[in-house]
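Step one of this worksheet: look at the structure below.
The values are calculated or read from the model by the stated rules, or taken from the named source; none is laboratory data. Since we're looking at a predicted model, the values are computed, not measured. Ideal geometry is used to build each Cβ from the backbone, glycine not excepted, and the neighbour counts take in all protein chains shown.
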Amino acid sequence: MPIFAESVDSLALVQDSSASWARQGARMPAVAYCESPSVPADEFVRWFLDVSQPKAARRTIGPVARCATQPIAPVAFNLPDRKSLASTIERWTASEPKLAGWIEAGVPPTQALSRFGSSLIRANHIQKGLEVFHAVTALNPEDPLHWSNFGVALDLAGALNESAACLERSLIISRAQPDTWLQLGNVRKKLSDSTRAEKAYKAALEFDANAPLAWQCLGLLKEEQSDFPAAIDCYTACIERGGGGAAIHSNVGKLCYRIGRFADAHQNFAKSLEQDPSNVRVRTNEQKLRFIRSMVERNDAQEAFASLNQYLPGDFPISESDQRTIVETAFGVLAGFGYTSEALSVGHLSMSLWPNQPSLEYLMGALAGGKGPDRSPREYIVEHFDRFADQFDSQLVGALGYDIPKKLCDVVKKALGNASLGDVLDAGCGTGLCGPELRPIARKLTGVDLSSRMLEQAEKRGGYDELVCDDLLSFLGRSPRRFDLIVAADLVIYFGELSSLLTSAAYAMRPGGLLAFSTESFLGDTFRLLPSGRFAHPPHYVERAARPEFALVSCAPTTVRLEGTERVSGNLFIFRRL
């Protein structure tokens, strides 16, 4: 089966006792692991089936009509004829002592060739192994197992469409092959055909509902589709059927954490740590979830903090730096999932332990529902984004599905048609996510941001003619009638009252230029400071604040990012400078 990238936060496949190359995508006959020439010919079975064909035939199998798959049309293959095969096998036998020895020992030719093909693939001679399995299939084209293994060899060779066709041919001959369905699901997944991959996985489970690997693969697919509750259910089914391991428990913990199931998340990280005490990242996650779970269940910050020194096997004393990171993370997570009083308790604990935190003071004021300032404090912006810069793309874009730069730039390009522009400003450019989108339409592209660390990432990304570390209003005030387009993706959310921002933007724009930005939605009369520390604005307030310097071109509803278990709603605005 295909192997997936392993990390603390990703799922490793169940380790099989077969050869390591098998776990990299090959599914070979059982005789590949037996040097005895006396293996019966009818035991030419797949390595991951783990039983002989007669045992497989005795499995309890539901009606074929229950399979969640569409009928498969036959595919034509150019298999060699027996005459040409005879000369090919003779040539291989003459040049390969192992193959010759097996045949001389009385191993049937098909079985000997299968063993030979397996040895080639284990030695990473994929192309030659593919040729051998092609020949094996031609010798007995009515055997579904040969088609299955031919399909696996094609998968290893990178011929995914041909691999899928071979696996489908095998299933035309015999549908009652759960592991062939499983292999087909993996190939379809590689082909980005998630719908048919899911059908194949479910067909595998129709024939063998107790296969942990099938539940695991379906869980991986559901996770990729961001259906986290379904993924958790699949992984749990895998664990219940004997497929549990440290990596799977860690992955379940990660997904439960993402949807706010903190007790389940902590329980799974703890189980993962019990099985792999040396895993530092799992230990950190267990400690973090131990603290958050304690806050949710008892809302006693001192007790939760004391729990960090209650060690599990393999723990060592937690450093003050790690303690502070856990407390800060817990504040944001609890606030994001609506545990307001618990988050404020954590905030007060943090302030008592580590005083002089202007950013935390600002966020606690926002969370408590105070009026607050009309814009986010400069100190908060710099501190927050300097610390977040290295993980910004992976966390915000990857984990939280932040896609405003692409959406906003697409709206801009639609408004421009085929026109190109002179000077373009990416306001609050951050790590430069808008840069690749704006570069083709700009003669000169400038980015400005308060965070020097974010600008370092933007410089690495490239595409900008100039990057400036400065307050946006100050920069705009030094740039009269300079820009044909100003784009501000997720910048306006750090301003409450908009008149000063929009007036400054108008000052820096040429007549007829476009101003494009995103906001978070609010249904009230004016702006609102959210518990997240960001501001939300109703569309009518934005339009009113833009007059008389700008005319509205378009306002489109959108979603911004994942927060807790819901997507944050927002709007995309384009205004024209009058």
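Taking the stretch 391-430 on its own, how many of its residues are more than 26 Å from THR565 (Cβ to Cβ) and either in contact with a Gly (Cβ under 9 Å, 6 or more places away or on another chain) or not hydroxyl-bearing (Ser, Thr, Tyr) (or both)? Can you show your working first?
Taking the stretch 391-430 first, the residues more than 26 Å from THR565 (Cβ to Cβ) are 409-429.
Those still in the list that are either in contact with a Gly (Cβ under 9 Å, 6 or more places away or on another chain) or not hydroxyl-bearing (Ser, Thr, Tyr) (or both) too: 409-419, 421-429.
Residues in the stretch 391-430 being more than 26 Å from THR565 (Cβ to Cβ) and either in contact with a Gly (Cβ under 9 Å, 6 or more places away or on another chain) or not hydroxyl-bearing (Ser, Thr, Tyr) (or both): 20 in total.
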Item to complete: Return yes or no: is ALA556 surrounded by fewer than 23 Cβ atoms within 10 Å (Cβ to Cβ), of a type in the set (A, V, I, L, M, F, W, C) and touching a helix residue (DSSP H, G or I) at 6+ places or on another chain (Cβ under 9 Å)?
Response: yes
Matching residues in the stretch 343-375 (in contact with a helix residue (DSSP H, G or I) (Cβ under 7 Å, 6 or more places away or on another chain), within 22 Å of GLY428 (Cα to Cα) and part of a helix (DSSP H, G or I)) number 4
Of the listed residues (SER170, SER174), the one being crowded, with 21+ Cβ neighbours inside 10 Å and in contact with a helix residue (DSSP H, G or I) (Cβ under 6 Å, 6 or more places away or on another chain) is SER170
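Could you grab me the full set of residues in the stretch 163-177 that are assigned to a helix (DSSP H, G or I) and not charged (D, E, K, R)? Outline the logic, then answer.
Restricting attention to the stretch 163-177, the residues satisfying the condition of being assigned to a helix (DSSP H, G or I) are 163-173.
Within the stretch 163-177, SER163, ALA164, ALA165, CYS166, LEU167, SER170, LEU171, ILE172, ILE173 meet the criteria.
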In the stretch 228-257, residues that are of a type outside the set (Gly, Ala, Ser), under 24 Å from ALA330 (Cα atoms) and out of contact with any helix residue (DSSP H, G or I) (no Cβ under 6 Å at 6 or more places or on another chain) total 3
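For the stretch 178-226: of the residues being outside any helix (DSSP H, G or I) and without any contact (Cβ under 8 Å) to a residue 40 or more places away in the chain, which is surrounded by the fewest Cβ atoms within 10 Å (Cβ to Cβ)? Outline the logic, then answer.
Just the residues of the stretch 178-226 that are outside any helix (DSSP H, G or I), to begin with: 191-193, 208-211, 225-226.
Still in the running and without any contact (Cβ under 8 Å) to a residue 40 or more places away in the chain: 191-193, 209-211, 225.
On the way: LEU191: 14, SER192: 8, ASP193: 16, ALA209: 14, ASN210: 13, ALA211: 23, GLN225: 12.
Restricting to residues being outside any helix (DSSP H, G or I) and without any contact (Cβ under 8 Å) to a residue 40 or more places away in the chain, the top hit is SER192.
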Those strands (runs of 3 or more DSSP E) completely within the stretch 503-578 that have 1 or more residues that are on the phi > 0 side of the Ramachandran plot and either over 37 Å from the mean Cα position of the chain (by Cα) or touching a residue at least 60 places away in the same chain (Cβ under 8 Å) (or both) are 509-520
Selection from the stretch 413-440 of residues without any contact (Cβ under 8 Å) to a residue 40 or more places away in the chain and either more than 25 Å from the chain's Cα centre (by Cα) or at positive phi (or both) yields LYS413, LYS414, GLY417, ASN418, ALA419, SER420, GLY432, ARG439, PRO440
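Output yes when any residue across the stretch 411-429 is closer than 30 Å to PRO531 by Cα and in a helix (DSSP H, G or I), and no when none is. First the steps, then the outcome.
Initial filter on the stretch 411-429 (closer than 30 Å to PRO531 by Cα): 411, 425-429.
Narrowing the set further to residues that are in a helix (DSSP H, G or I) leaves 411.
Yes, because at least one residue in the stretch 411-429 is closer than 30 Å to PRO531 by Cα and in a helix (DSSP H, G or I).
Yes/no per residue for (1) in contact with an Asp or Glu (Cβ under 6 Å, 6 or more places away or on another chain); (2) at pLDDT below 95; (3) surrounded by fewer than 17 Cβ atoms within 10 Å (Cβ to Cβ); (4) of a type outside the set (Asp, Glu):
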residue: LEU476; (1), (2), (3), (4): no, no, no, yes
residue: ILE486; (1), (2), (3), (4): no, no, no, yes
residue: TYR494; (1), (2), (3), (4): no, no, no, yes
residue: LEU501; (1), (2), (3), (4): no, no, no, yes
residue: ALA506; (1), (2), (3), (4): yes, no, no, yes
residue: GLY512; (1), (2), (3), (4): no, no, yes, yes
residue: GLY524; (1), (2), (3), (4): no, yes, yes, yes
Flagged pairs (Cβ under 7 angstrom, 6 or more apart or on separate chains; first in the stretch 370-394, over 22 Å from GLU456 (Cβ atoms); second part of a loop (DSSP other than H, G, I, E, B)) are ASP374/GLY496; ASP374/GLU497; ARG375/GLY496
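Identify, from the list ASP393, ASP426, ASP410, the residue that is of a type in the set (D, E, K, R) and buried (at least 23 other Cβ atoms within 10 Å of the Cβ). Steps first, please.
Working: ASP393 fails: buried (at least 23 other Cβ atoms within 10 Å of the Cβ); ASP410 fails: buried (at least 23 other Cβ atoms within 10 Å of the Cβ).
Matching residue, one of ASP393, ASP426, ASP410: ASP426.
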inquiry  = Among the residues in the stretch 307-322, are any out of contact with any strand residue (DSSP E or B) (no Cβ under 9 Å at 6 or more places or on another chain), surrounded by 16 or more Cβ atoms within 10 Å (Cβ to Cβ) and closer than 23 Å to VAL568 by Cβ?
reply    = no
When every residue in the stretch 490-502 that is under 21 Å from PRO548 (Cα atoms) and not in a loop (DSSP other than H, G, I, E, B) is compared, the one nearest to the chain's Cα centre (by Cα) is VAL492
- prompt: Within the bounds of the stretch 333-342, is there any residue that is over 25 Å from the mean Cα position of the chain (by Cα), within 15 Å of LEU353 (Cα to Cα), part of a loop (DSSP other than H, G, I, E, B) and not polar (S, T, N, Q)?
  reply: no
- [ ] For the stretch 376-386, state whether one or more residues are among the aromatic types (Phe, Trp, Tyr), touching a strand residue (DSSP E or B) at 6+ places or on another chain (Cβ under 8 Å), buried (at least 16 other Cβ atoms within 10 Å of the Cβ) and not in a loop (DSSP other than H, G, I, E, B).
- [x] yes
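For the stretch 79-126, please list each of the helices (runs of 4 or more DSSP H) lying entirely inside it that holds at least 1 residues being over 43 Å from the mean Cα position of the chain (by Cα) and surrounded by fewer than 17 Cβ atoms within 10 Å (Cβ to Cβ).
Working: elements: 82-95, 97-104, 109-122.
Helices (runs of 4 or more DSSP H) meeting the threshold: 82-95, 97-104.
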Considering the stretch 210-227, residues that are under 17 Å from the mean Cα position of the chain (by Cα) and small (Gly, Ala, Ser), and then whichever is nearest to VAL333 (Cα to Cα), we arrive at SER226
Among the residues of the stretch 244-254, is there at least one that is crowded, with 21+ Cβ neighbours inside 10 Å, touching a His at 6+ places or on another chain (Cβ under 8 Å) and under 25 Å from GLU342 (Cβ atoms)? yes
Here the residues within the stretch 340-362 that are crowded, with 21+ Cβ neighbours inside 10 Å and within 14 Å of SER294 (Cα to Cα) are GLU342, ALA343, VAL346
Expected output for the stretch 455-483 (first residue under 21 Å from ARG510 (Cα atoms) and touching a residue at least 60 places away in the same chain (Cβ under 8 Å), partner crowded, with 16+ Cβ neighbours inside 10 Å and among the acidic types (Asp, Glu), Cβ below 8 Å, 6+ apart or cross-chain) is PHE483/ASP423
- Message: Just to be sure before I move on: is ALA306 out of contact with any helix residue (DSSP H, G or I) (no Cβ under 8 Å at 6 or more places or on another chain), among the small types (Gly, Ala, Ser), assigned by TED's automatic domain parsing to the domain that holds SER350 and under 16 Å from GLN323 (Cβ atoms) in the structure I sent?
- Response: yes
Note: among GLU361, GLU342, just one is of a type in the set (Asp, Glu) and in contact (Cβ under 8 Å) with a residue 40 or more places away in the chain, namely GLU342
